[in-house]
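Take a look at the structure below.
Bear in mind that the values in this text are calculations on the coordinates, not laboratory data. Note that this is a predicted model, so its numbers are computed, not measured. Cβ: placed from backbone, ideal geometry, glycine included. Neighbour counts: every protein chain shown.
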Amino acid sequence: MKTTYQIKEELTLILMYLNHRCTHEQFIDKNIIYTFKGYDFGDINSLTKEDYIMQSNTRKSSMLFITDKGIKKAKELLKEWNIEE
């Protein structure tokens with residue numbers, strides 16, 4: 001059985017993914033998936049430690065970057081929670 005904290009963290013990652021934006025970076029020839037900080041800092045820090053998201057190096061930035069691992073996990077959670085994209 002999952003704890004309330006685990007459920008909250010999963011739902012946060014799902015919301016980050018569902019609310020993401022995408023930009024193509026020509027320098028690295030890759031799409032960058034990002035979202036804006038508007039989530040609980042405890043959840044942000046936990047998801048960062050699990051390598052699902054990356055925070056910008058500047059404190060003034062309001063963006064979070066969703067890693068490939070985070071995208072994969074978010075898609076798994078969407079299926080687990082029966083949520084269609």
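In this Cβ point-charge picture (+1 for Lys and Arg, -1 for Asp and Glu), the chain has a dipole of about 240 debye about its Cα centre. With the simple spin-label model, which puts each label point 7 Å out from Cα in the Cβ direction, the LEU78 to PHE41 separation comes to 3.1 nm. Relative contact order for the chain: 28 percent, from Cα pairs under 8 Å spaced at least 6 residues apart, divided by residue count. Compared with the dominant Cα axis of the chain, that is its longest principal axis, helix 4-18 is turned about 40°. Counting neighbouring beta carbons within 10 Å and listing from fewest to most, the residues LYS8, LYS75 come out as LYS75, LYS8. Where the alpha-carbon atoms of the chain are placed on the principal axes, they occupy 44, 28, 18 Å, in descending order.
For THR58 and LEU15, the FRET efficiency from 1/(1 + (r/R0)^6), where r spans their Cβ atoms and R0 equals 25 Å, is about 0.60. Number of Lys-Lys pairs in the chain with C-alpha atoms under 22 Å apart and a separation of 8 or more places or on different chains: 29.
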